[in-house]
1. Tell me the residue from PHE249, PHE192 that is on the phi < 0 side of the Ramachandran plot and either among the small types (Gly, Ala, Ser) or not in a helix (DSSP H, G or I) (or both), please.
2. Is there any pair linking a residue in the stretch 313-333 that is touching a residue at least 40 places away in the same chain (Cβ under 8 Å) to one that is surrounded by 15 or more Cβ atoms within 10 Å (Cβ to Cβ) and among the β-branched types (Val, Ile, Thr), with Cβ under 7 Å and at least six apart or on different chains, and which?
3. Within the stretch 76-100, track down each residue that is small (Gly, Ala, Ser), surrounded by fewer than 17 Cβ atoms within 10 Å (Cβ to Cβ) and at negative phi.
4. Anything in the stretch 254-265 that is out of contact with any Asp or Glu (no Cβ under 7 Å at 6 or more places or on another chain) and buried (at least 18 other Cβ atoms within 10 Å of the Cβ)? List them, or say none.
5. Keeping to the stretch 35-63, report how many residues are surrounded by 15 or more Cβ atoms within 10 Å (Cβ to Cβ), more than 27 Å from ILE126 (Cα to Cα) and not β-branched (Val, Ile, Thr).
6. Only one of ALA390, ALA335, ALA373 is of a type in the set (Gly, Ala, Ser), surrounded by 16 or more Cβ atoms within 10 Å (Cβ to Cβ) and in contact with a Lys or Arg (Cβ under 8 Å, 6 or more places away or on another chain); which?
7. Pick from ALA221, ALA182: which is under 21 Å from GLU275 (Cβ atoms) and assigned to a helix (DSSP H, G or I)?
8. May I ask you to list pairs of residues, at least six apart or on different chains, whose Cβ atoms are under 9 Å apart, with the first in the stretch 11-24 being under 18 Å from TRP81 (Cβ atoms) and the second being surrounded by fewer than 14 Cβ atoms within 10 Å (Cβ to Cβ) and β-branched (Val, Ile, Thr)?
Amino acid sequence: MNTSLTFTLVFTSLLLLNLLLKFWLANRQMRHVAHHRPNVPEAFATVIDLTAHQKAADYTLAKLRIGQWDMALDAAMLVVWTLLGGLGLLDQWLLELLGAGMAQQICLVVSFMLISAVVNLPLSYIQTFHVEQSFGFNRMTLGLWLSDMLKGSLVAAALGLPLLWLVLYLMQSGGAWWWLIAWAVLVVYQLFMMWLAPSVIMPLFNKFQPLEDASIKDRVAALMQRTGFQAEGFFVMDGSRRSAHSNAFFTGLGKNKRVVFFDTLLKQLSPEEMEAVLAHELGHAKLKHIPKTLLSSFTLTLAGLAVLGWLSTQTWFYEGLGVQPHLGSSNDALALLLFMLFVPLMTFVSTPLRAARSRQHEFEADAFACQYANGADLRQALLKLYQDNASSLTPDPLYVAFYHSHPPAAQRLARLTA
């Protein structure tokens, strides 16, 4: 058995294992949530009514059903792009149309992205205008939905195409260590984007107004002083223009940091509860969760690029994934796309580790909030958010362990009560 065929078998096995595991976990979650739908969990019986509990269960089940279609579509497209030769056909067509060179390679990546986006468009539409709308969360019009996609595509092109050109150029001309230079470029680019996003990119999609509620502003300012945290300012984002869901977050880097509240959150929570939620978000910053996550991401990116540097020189890598590499021109764009398609199959097994670390960070941020604000207020705020966002109170423990970045409600509130 030659190396290409062996790699094809490995790829096919990983694809099937991933798909089976994802569907098994989703079905476990659906059965668990449906089983507990008739009754509110005892721990929440006095604070969550049955109607709200059943709405959360139904919302969770609806998202899981559309998620299963999404998983099946992703798997089918992966087979089409690779084993059925879709990427090879697209590459050959563009090669005949444009000839060999950087323009052909960039067009290959852009065409791949556009086709993938179009294929996923119907499910995105159903998710927004059927699932979210059925449960009263969607507030987007079709025009706004289309406008967001257009603006997102233009921003991605303006910021992504120069980066794509540079990475492909380094792959072609950077020598054996091109991947190390490319990694440094990607690190600088990501940090720059984090700095740029609050003041340039995010305002293209949402309006940000300075926080004007005096009672909340004074509490926030006092909390920031107690914790020794500085930010450019406190802003309210018009999240209600698109969704009834609510959130609060920090964004930015260095002196360009901002504290942002969804306008829906201001309507749902009292000033005391807002202070507690902000204290939780401050906890993530003060406990260095964001730098730790970035460091982990940068390390994995470095390892990935090193592997890509090796795989891009192996003929069996292309042939095993249904693509015939060029003999007289560059295969860099092909290698990049094939690597993007293959890597998720390899890294899926690490999902529980990333989720566990994220849940631990949430517990630590809750503890920080209890130190600098009122834990009872945070608990009450979370109860309101669970109810208003229709979050399931009865997730399957194994599904939580594998996927959830936040602890389940029962665990989180029990710790806050303790």
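1. On the way: PHE192 fails: either among the small types (Gly, Ala, Ser) or not in a helix (DSSP H, G or I) (or both).
Criteria check complete, one pass: PHE249.
2. Taking only residues 6 or more apart or on different chains, the pairs are GLY320/THR8; LEU321/THR82; GLY322/THR82; ALA333/VAL109.
3. First, pick out the residues of the stretch 76-100 that are small (Gly, Ala, Ser): 76, 85-86, 88, 99-100.
With surrounded by fewer than 17 Cβ atoms within 10 Å (Cβ to Cβ) added as a condition, the list becomes 76, 85, 99-100.
Correct list: ALA76, ALA100.
4. Residues satisfying the conditions are VAL259, VAL260, PHE261, PHE262, THR264, LEU265.
5. 1
6. Numbers: ALA335 fails: in contact with a Lys or Arg (Cβ under 8 Å, 6 or more places away or on another chain); ALA373 fails: in contact with a Lys or Arg (Cβ under 8 Å, 6 or more places away or on another chain).
After applying the criteria, what remains is ALA390.
7. Values: ALA182 fails: under 21 Å from GLU275 (Cβ atoms).
When all the criteria are applied, what remains is ALA221.
8. Here the result reads ASN18/VAL349, each pair linking the stretch 11-24 to a residue that is surrounded by fewer than 14 Cβ atoms within 10 Å (Cβ to Cβ) and β-branched (Val, Ile, Thr).
Every number in this text was worked out from the coordinates using simple rules, so none of it is lab data. All values reported here derive from a predicted model rather than from experimental measurement. Please note: Cβ atoms are built from the backbone with ideal geometry, for glycine as well, and neighbour counts cover all protein chains shown.
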